[in-house]
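Read-outs throughout are calculated quantities, based only on the coordinates presented, and are distinct from any laboratory measurement. Everything quoted here is computed from the prediction, not taken from an experiment. A quick note on method: Cβ atoms are made from the backbone with ideal geometry, for glycine too, and the neighbour counts reach across all protein chains shown.
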Amino acid sequence: MAYIDPKTVIAPKSLVKNVEVVYNSSEGDCREEGFSVVRLTYGEDRDAVGIRWNGDPEDKGIGTPQAFGQPTWFLIPDELRETILDEAHRLVNGRRDELKAGYSEMANDEEREREAQEWSEGLIGDQARE
């Protein structure tokens, strides 16, 4: 077990609920490693922010932190919660901006668009012949 999906980290089960992944550095990448930031409910009703390293394919562990062989969250002190969340949201938005820029670049490539149009028209012709 090398990479732990942050959505599955709910230990200790009696205390951790409502895990919402705010940022996962490996999401959308080909790699399975990195860290995650989450919002969660801790205990009865304490809103909290957690962070953890998810592990990587080369490691046989379960990332960190962990307790009694179970992946867990490091709870961010209240004084740092908003700073961590702001940065996590900035990272998510940066990824969206990169993706949008990539799509814009592809759409502005007239040669590629022409080839894609020809290819899709060819598919229509293939279907019509059947």
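Annotation: amide H of Val22 within the under-5 Å range of Val37, Val38, Arg39, sequence separation 5 or more or interchain, hydrogens built in the peptide plane.
Within the shell defined by Cβ-Cβ distances under 14 Å, the residues around Leu75 carry a net charge of +2, with Lys and Arg each +1 and Asp and Glu each -1.
Under a crude label model (7 Å from the Cα following the beta-carbon direction), how far is Lys13 from Gln70 in nanometres? The answer from the label model is 0.7 nm.
Length gained on full extension, Asp47 to Lys60: 1.5 nm, using 0.36 nm per residue less the C-alpha separation.
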